[in-house]
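In what follows, a structure is listed as structure tokens, so that the remarks can point back to it.
The values are calculated or read from the model by the stated rules, or taken from the named source; none is laboratory data. Fair warning: this is a prediction, and the values are worked out from it, not measured in the lab. Note: ideal-geometry Cβ built from the backbone for every residue, glycine included; neighbour counts use all protein chains shown. Accessible surface areas use protein heavy atoms only, side chains included; no ligands, DNA or RNA. Shrake-Rupley method; radii C 1.70, N 1.55, O 1.52, S 1.80 Å.
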Amino acid sequence: MKPRIFLSPPHKSGNELLYIQQALEVNWIAPAGPGTAAFENMLSAYTGCKHVVALSSGTAAIHLALLALHVADGDIVLCQSLTFAACANPIVYQKAIPVFIDSEEKTWNICPDALEESIKACLARGQKPKAIIAVHLYGMPMQLTEILKICERYDIPLIEDAAEALGSFYKNQHAGSFGRMGVLSFNGNKIITTSAGGALLSNDEKLIEYSRFLSTQAKNVAPHYEHTEIGYNYRMSNICASIGLAQMEVIVKRVERRRFNFDYYKKMLADIPAITFQNEPLHCRSNRWLTAILIDPKLSEGITREVIRLNLEKENIESRPVWKPMHLQPVFHGEKFFGAGVSERLFENGLCLPSGSDLSLEDINRVTEVIKKSFR
Ligand SMILES: *Cc1c(COP(=O)(O)O)cnc(C)c1O
């Protein structure tokens with residue numbers, strides 16, 4: 001059996017061990033330390049977002065964003081349906097009510113029309129949504145101009161889930177730096193990793209300082225431990241941040257390589273009419289975290305994304321269906337949804353291909369051979 005090709009494995013830069021060792025030598029094993037601050041500064045410089053707090057996960061970052069906006073019991077939060085559950089779960093942690101919004105064909109992200117329709121429906125019932133969580137799916141920037149206009153028109157803050165989008169830009173500005181707050185993830189499968197981790201970004205210092213306060217057990221200033229609020233243990237450890245420092249040194253190369261993977265897949269699969277890709281509209285520059293293909297059932301003669309997935313699996317190649325929308329998840333059964341079925345179609349026909357930044361050309365050729373054979 002040929003070696004397994006994974007969807008998006010961690011990719012070391014080479015300096016990880018050195019920076020961990022340096023941290024251990026000065027005994028900065030404790031959660032707080034200079035590595036964490038240095039990592040935050042690197043993220044701030046790269047994203048152009050003035051304030052950053054490094055956290056234990058992207059999920060923690062979304063939870064803190066909701067806390068910083070005082071989302072609480074019974075509040076409505078509008079959320080992109082086509083996403084990872086980690087994006088919607090924190091709404092429920094806060095006992096708020098998620099309302100799921102469909103995607104648009106153009107970017108696969110939140111549909112501005114469905115978003116506005118949902119806001120009008122909420123307002124008609126006398127309940128103004130407290131926040132919007134929208135995603136830059138697989139690194140593709142959402143239609144920020146349209147979405148920000150809607151946020152402004154109805155005065156609702158935007159939380160940009162850029163967990164998959166470090167290294168993605170919209171009109172040359174980094175994804176995650178447009179909304180009230182932005183979220184990053186450094187889970188093992190993301191474009192860079194700290195083994196586990198995340199970050200919350202904002203140009204509003206108060207929101208980040210308040211999030212930092214909550215993320216370190218909400219300790220008030222006093223010689224003893226004094227608390228006026230419920231806190232969380234969501235800080236990134238200094239050891240994880242040390243890995244992040246090494247990973248951030250190569251972020252530009254990692255983005256280049258993922259974009260190369262996408263271009264190469266597109267070229268190799270160009271002669272299969274049933275296959276299309278997630279397009280990069282004007283003003284969008286995706287990090288191409290994952291390359292996803294769409295199978296057109298009208299042209300594929302019965303070859304579904306599941307047929308291809310199983311054929312790849314037989315050759316020891318990992319691939320995965322596009323995210324199953326939240327409004328179709330059993331755990332969110334009964335929650336409201338606005339849209340026309342785009343996300344459902346993307347789920348049914350979409351497949352994410354191996355996209356790691358350390359894939360070789362031979363690896364990608366192995367993948368495309370199996371796909372081509374499926375159609376022969
Ligand atoms: C990975 C991911 C998250 C969660 O990040 P973790 O660091 O794994 O908690 C949230 N949203 C999206 C869209 C993601 O892909």
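Observations
- For the stretch 307-326, the tally of residues that are out of contact with any strand residue (DSSP E or B) (no Cβ under 8 Å at 6 or more places or on another chain), more than 16 Å from the ligand (Cβ to nearest atom) and closer than 11 Å to G350 by Cβ stands at 0.
- Condition met for I132 (among the β-branched types (V, I, T) and more than 16 Å from the ligand (Cβ to nearest atom)): no
- Flag for Y170 being away from the ligand (no atom under 16 Å from the Cβ), open to solvent by less than 20 Å² (accessible area, probe 1.4 Å) and touching a helix residue (DSSP H, G or I) at 6+ places or on another chain (Cβ under 9 Å): yes
- Conditions (1) open to solvent by 30 Å² or more (accessible area, probe 1.4 Å); (2) on the phi < 0 side of the Ramachandran plot; number of the one not met by A68: (1)
- Scanning the stretch 246-267 for residues that are under 20 Å from the mean Cα position of the chain (by Cα) and of a type in the set (A, V, I, L, M) turns up M248, V250, I251, V252, V255.
- Enumeration of residues in the stretch 341-376 that are in a loop (DSSP other than H, G, I, E, B) and at pLDDT 95 or above: G341, P354, S355, G356, S357, D358, L359, S360
- Every condition in (1) touching a Pro at 6+ places or on another chain (Cβ under 7 Å); (2) on the phi > 0 side of the Ramachandran plot holds for V367 except the one numbered (2).
- Of the numbered criteria (1) part of a helix (DSSP H, G or I); (2) crowded, with 24+ Cβ neighbours inside 10 Å; (3) touching a residue at least 40 places away in the same chain (Cβ under 8 Å); (4) not β-branched (V, I, T), the one W108 fails is (1).
- Residue check for V99: over 23 Å from S168 (Cβ atoms) and in the same structural domain as L69 (by TED's automatic domain parsing): yes
- Answer residue from the stretch 301-313, given it is in contact (Cβ under 8 Å) with a residue 24 or more places away in the chain and in a helix (DSSP H, G or I) and is nearest to I119 (Cα to Cα) among those: R305
- The residue list S195, S185 contains one member that is closer than 30 Å to E318 by Cβ, open to solvent by 50 Å² or more (accessible area, probe 1.4 Å) and within 16 Å of the ligand (Cβ to nearest atom), which is S195.
- Some residue of the stretch 75-94 being of a type in the set (A, V, I, L, M, F, W, C), open to solvent by 10 Å² or more (accessible area, probe 1.4 Å), in contact with a Pro (Cβ under 8 Å, 6 or more places away or on another chain) and within 15 Å of the ligand (Cβ to nearest atom): yes
- Qualifying residue in the stretch 207-222 (condition: open to solvent by less than 40 Å² (accessible area, probe 1.4 Å) and within 17 Å of G48 (Cβ to Cβ)): yes
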